[in-house]
């Protein structure tokens, strides 16, 4: 193998596939990147067996071949080189990477030992733009379960029904649903691991370029053009989330996202201190009073609101509110309530494409 | 106590004194900031008993008084407030902090329990500008000892001799000396704890405003105008560093700092991997060859240099070189060598105000 390419282009490709290499693995070969030179293309592949990423770049390939190189060392060395022509060459079982007056000699591993990615036939595809996919991930992944007691909840449901693609995540305390219109090929439900989506969202760009998505019974393939991302799906059925959504509400609050977030953030300072993270909302005619207290003191906050319906006193985990206010793409939100033991729904005022539900914490006694 | 001031001004004062509060303390009162309102001034004080910081701000003081408030809570709450008039008031043993529609009620501690800072008579002072003091700290503190086996080496020597103020630090492997001219009042040697200097350099601004420095037998006081910083000095005599400095050299290399740094950084990638951090310098007529190797591979780097004297092969801990190249304020440096077992001196090409000495690692056999 022997090829020459621009250092920055190789660096970008390494950064992309590195998102699938695991540093904590019992198979040392998986700490490597498979580099394959064929004709005028260099293909990089990395996998942790759950998630696999493959990307290619144009290069002057003088001699075809392949090798596996340690991902961390290769990445750090290439990043620290000046941007100029870089040559990678195998000679006498050594790999030489040269750029200007720098030469890096690395021990390679046998490419035959590197596990191949599943081969997926891309004939039935859904298409979404990169920026939409990014926002769908960002607005739902916050609600996946962090612990593994119910593994299915550590993923995001991918559901196509009629002309709508929805991403759904829930952890038993809150639920997030983001929907977009899609040209429907087939209805489908599948659950994508949260880790896969976290890594993909680092690769996606704020562009309208299309991502082609293909499913097999066990895998999902995201095709970004130069880059393919293949992930295992999670086994099992997702929770029937529709029955959790309330059909109606008894009161509705309209509030500014920034003001609400700042007030909850200050209130949660003491809430965190008390380790309970509880804040109390007192919804009044024209204001929302947010309070919290701990042994150290208490916080009192007022936020200007518009209320339709009756007044209510209800209590929440501050973090679940902060999480949604940080990611919702709207200046104002509606908060819909029924009683102080039923869920609160958070929505954008001008669009129904995003729904976030959060359960209250029961108020005991009069505190 | 009752005063009103601008939120941003109080926040800045809190940030300043917080550098002396320790979160790991067995005296809970030291997790607090002493706030004292007198006439039109509010004075904030914090101390961990080794280091004390006091700063004041202008405020509308409606009622004099004092209180101790938890540093972390106060700081986080004030930081999260909008910038507007902020009022702090004590009523019925509670402290109320209000700003717009936010009210924070905190439990205060008895100011009588807060340890006072030592009172220092500022009649004999050295004066240095803030930016010079900053660069003196930055260019020497890197060489202080990290372990406590010889406590005196965890500090920086402050030495005034004739018309020169020198900062000196050494850890047994390298030595850094930064000198400036000063109007001499008295010769002095004192050793300032590294932690004190680290915190002070965060408070110092890149300005020509003078810092007034006063010593007592056990303490040093830095007076920045609004802010006073008082620190214990370290006990004991500093090492006679002058006898470590070689009088002459056998060869001298002139090199570009950026090129040298990039090459050593790449070479040190593998050096770190091998846990030894060793790089080998081969000094030739017109180039410096830097190599390193580990089980994973090897790096070969060439840096263009100017050599006066004979060729030499010598080995160093890469980190000790990186440390100085990152902070030296010069585009080009001289490296002065004698043999491969004697120290290397690093200097700026156009100024003698900074000297960095680093010991080589002995070369065993032929590797």
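Coordinate-derived values only; no laboratory data. On a predicted model such as this, the values are computed, not experimentally measured, just so you know. In this analysis, Cβ positions are derived from the backbone assuming ideal geometry, glycine residues included, and neighbour counts consider all displayed protein chains.
With angles folded into 0 to 90 degrees, how steeply does helix A:71-80 sit against the dominant principal axis of chain A? Use alpha carbons for both and round to 10. Relative to chain A, helix A:71-80 is tipped by roughly 90 degrees. Diffusion of chain B by Stokes-Einstein, at 4 °C in a medium of 1.567 mPa s and with Rh set to the Kirkwood radius over alpha-carbon pairs, works out to 56 µm²/s.
Going by alpha carbons, how many degrees (0 to 90, nearest 10) lie between the helix axis of A:130-141 and the longest principal axis of chain A? Approximately 50 degrees, to the nearest ten. Taking every DSSP helix (H) stretch of at least 4 residues in chain B, weighting each as -39,500 (n - 2.57) and dividing the sum by the residue count yields a mean residue ellipticity at 222 nm of -6000 deg cm²/dmol.
Taking the alpha-carbon centroid of each part, what is the distance from segment A:13-27 to segment A:130-174 in angstrom? Segment A:13-27 and segment A:130-174 have Cα centres separated by 24 Å. A protection proxy built from the mean count of other Cβ atoms within 10 Å ranks the segments A:220-228, A:261-269, most packed first, as A:261-269, A:220-228. If a spin label sat at a point 7 angstrom from the Cα of residue B:306 along the line to its beta carbon, the backbone N atoms of segment B:322-343 nearer than 19 Å would be those of B:329-337. Cα convex hull, the protein assembly as shown: 203 Å³ per residue, rounded to a whole number. Neighbouring Cβ atoms from other chains, within 10 Å of the Cβ of residues in B:257-264, number 1 on average. For residue A:6 and residue A:282, the difference between the fully extended length at 0.36 nm per residue and the C-alpha to C-alpha distance is 93.3 nm. The Cα center of segment B:55-121 and the Cα center of segment A:250-269 differ in position by 26 Å.
Taking every residue in B:97-105 and counting other chain Cβ atoms within 10 Å of its Cβ, the average works out to 5.
The share of C-alpha pairs in segment B:2-113 whose separation exceeds 26 Å stands at 9 percent. Treating r as the C-beta distance of residue A:148 and residue B:43 and R0 as 60 Å, the FRET efficiency rounds to 0.70.
Taking each residue as 0.36 nm, the span from residue B:295 to residue B:339 lengthens on full extension beyond its C-alpha to C-alpha distance by 13.0 nm. Between residue A:219 and residue A:351, residue separation times 0.36 nm minus the direct Cα-Cα distance comes to 44.3 nm. In degrees between 0 and 90, to the nearest 10, how far off the longest principal axis of chain A does helix A:257-273 point, with axes built from Cα atoms? Long axis of A:257-273 versus the principal axis of chain A: about 90 degrees. Normalised radius of gyration (Cα atoms, divided by 2.2 N^0.38 Å) for segment A:187-335: 1.40. On the basis of the beta-carbon distance and an R0 of 41 Å, residue A:208 and residue B:62 show a calculated FRET efficiency of 0.10.
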